[in-house]
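Peer 1: Starting off with a structure, shown below.
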Amino acid sequence: MLKVTENKYFTGQTSNIFSAEVAKETRAFHQQIEGYAPTPLVSLPELAKRLGVKSILVKDESKRFGLNAFKVLGGSYALGRQLAEHLNVDISEIDLKTVSSKLEKPLVFATATAGNHGTGVAWAAREMGQKAVVYMPKGSPEASVKRIRGLGAECIVTDVNYDDTVRLASQTADENGWMLVQDTAWEGYEKIPTWISQGYMTMADEAVEQLEEQPTHVLLQAGVGAMAGGVLGYLVDKLGAESFKAIIAEPAAADCIFRSGQEGEMVNVSGDLSSIMAGLACGEPNPVTWPVLRDCSHTFTSVEDKVAATGMRILGNPLKGDEAVTSGESGAICMGLLYLLLKDDTNKASADQMGLNEDSVVLLFSTEGDTNPDRYRRIVWESEYAL
């Protein structure tokens, strides 16, 4: 149900591309978007008492721009940077509502997605008066397809897994002269994924501003590691690498970061990568953010789907006095992991090794709400994927 490995390659090395200074620019871009507001940082004091830690804080990204997920932060910032570069102006001059008037004709942005990233790109393209073509891997939920099409984008479901869908999107974009907006990187394609991960730092910058006490532990979920690496890079620069312990969580079916953490170098995972955590079902680490995860993570974990499902139920059905958080499968993995570490005696040695105790201030990011409403109800109401 749960695999844990301590990071033997920790150095605490900061990154100049994921820093507090860069985060100021990304947040300034997001702040000028109509409807911007920091998402809530929810405190769960009763759950903290139950689990034996000082406090548990959950950043609730279901409130982000009405899109039910954090991914729009990366997609919008990358589109803004691409358009700024295309127009040869500074990013500060890009206004979503007026940028289309500076172009002779709309540009086409292409991407591959498990759902939330594509939604963010589609939304940002629509807001900027541009076009989007979104590719999704086989088995993608119809709810995600409808949501993306509802934002005016073309959405194509492939018959291959996520990583092969990324390759298809890249090839098609090259053939058609479209701009690829992908949240993972490879040799020769690193600039745009870097912008996307930098965009995610807005979420972390808000959280630090909202904190009343510095966290001792930060739990971050990883697919390719774009969000985890960007957020961790910012936090290390802002708070100090030795001031908290970063714990990375992944689905067991696609635990490329976990395996990479064991080896100290990037390891790919192939196959169907089937998991209810669709947004994390990625088998190839992002080389832009991998160095941050290698250098600054304390622990890597690999968990079964039922752990994320447990996290969804805990957040959605809180103890009396705590606030409910609607968290989807990819959003709730870290809450499920925290619960398992602290309530299952078989994991006590792992919890002790991580330093989780009555003095711990734990920060988590619920990165999505109920983006697949039918499955959310089946898991939370009908106990699918029970422990």
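The values are calculated or read from the model by the stated rules, or taken from the named source; none is laboratory data. Bear in mind that the values here come from a model prediction, so they are computed numbers and not experimental data. Cβ coordinates were reconstructed from backbone atoms using ideal geometry, including for glycine residues, and neighbour counts include every protein chain displayed.
Yes/no per residue for (1) farther than 30 Å from residue 65 by Cα; (2) without any contact (Cβ under 8 Å) to a residue 12 or more places away in the chain; (3) outside the structural domain of residue 295 (by TED's automatic domain parsing); (4) among the β-branched types (Val, Ile, Thr):
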| residue | (1), (2), (3), (4) |
| --- | --- |
| 205 | no, no, no, no |
| 208 | no, no, no, yes |
| 214 | no, no, no, no |
| 236 | no, no, no, yes |
| 248 | no, no, no, yes |
| 263 | yes, yes, no, no |
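Peer 1: In addition: Looking at (1) out of contact with any Gly (no Cβ under 9 Å at 6 or more places or on another chain); (2) among the hydroxyl-bearing types (Ser, Thr, Tyr); (3) within 17 Å of residue 56 (Cβ to Cβ), can you tell me which one residue 350 breaks?
Peer 2: The failed condition is (3).
Peer 1: Just to be sure before I move on: is residue 66 under 25 Å from residue 136 (Cβ atoms) and either surrounded by 24 or more Cβ atoms within 10 Å (Cβ to Cβ) or modelled with pLDDT of 95 or more (or both) in the structure I sent?
Peer 2: It is false that residue 66 is under 25 Å from residue 136 (Cβ atoms) and either surrounded by 24 or more Cβ atoms within 10 Å (Cβ to Cβ) or modelled with pLDDT of 95 or more (or both).
Peer 1: Could you list, ordered by first residue, the pairs with Cβ atoms under 9 Å in which the first is in the range 290-318 and touching a residue at least 40 places away in the same chain (Cβ under 8 Å) and in the same structural domain as residue 246 (by TED's automatic domain parsing) and the second is part of a helix (DSSP H, G or I) and among the acidic types (Asp, Glu), at least 6 apart or interchain?
Peer 2: Listed by first residue and then by second, the contacts come to 318/46.
Peer 1: Sticking with this structure for a sec: In the range 159-192, what residues are under 24 Å from residue 275 (Cα atoms), assigned to a helix (DSSP H, G or I) and of a type in the set (Val, Ile, Thr)?
Peer 2: Across the range 159-192, the qualifying residues are 165, 166.
Peer 1: Looking at (1) buried (at least 23 other Cβ atoms within 10 Å of the Cβ); (2) over 26 Å from residue 121 (Cβ atoms), which is the only condition residue 203 fails?
Peer 2: (2)
Peer 1: Let me ask something additional. Examine the range 325-347 for a residue that is in contact with a Lys or Arg (Cβ under 7 Å, 6 or more places away or on another chain) and modelled with pLDDT of 95 or more, and state whether such a residue exists.
Peer 2: no
Peer 1: Restricted to the range 255-291, and to residues that are at pLDDT below 95 and of a type in the set (Gly, Ala, Ser), which residue is surrounded by the fewest Cβ atoms within 10 Å (Cβ to Cβ)?
Peer 2: 271
Peer 1: When the range 205-234 is examined, which residues are found to be under 14 Å from the mean Cα position of the chain (by Cα) and of a type in the set (S, T, N, Q)?
Peer 2: Hit for the range 205-234 is 221, nothing else.
Peer 1: Only one of these is touching a strand residue (DSSP E or B) at 6+ places or on another chain (Cβ under 9 Å) and aliphatic (A, V, I, L, M): 337, 342, 319. Name it.
Peer 2: From the options 337, 342, 319, the qualifying one is 337.
Peer 1: Name every residue in the range 315-325 that is out of contact with any Pro (no Cβ under 8 Å at 6 or more places or on another chain) and surrounded by fewer than 24 Cβ atoms within 10 Å (Cβ to Cβ), in order of residue number.
Peer 2: If the condition is that a residue be out of contact with any Pro (no Cβ under 8 Å at 6 or more places or on another chain) and surrounded by fewer than 24 Cβ atoms within 10 Å (Cβ to Cβ), then 316, 317, 318, 319, 320, 323 are the ones that fit.
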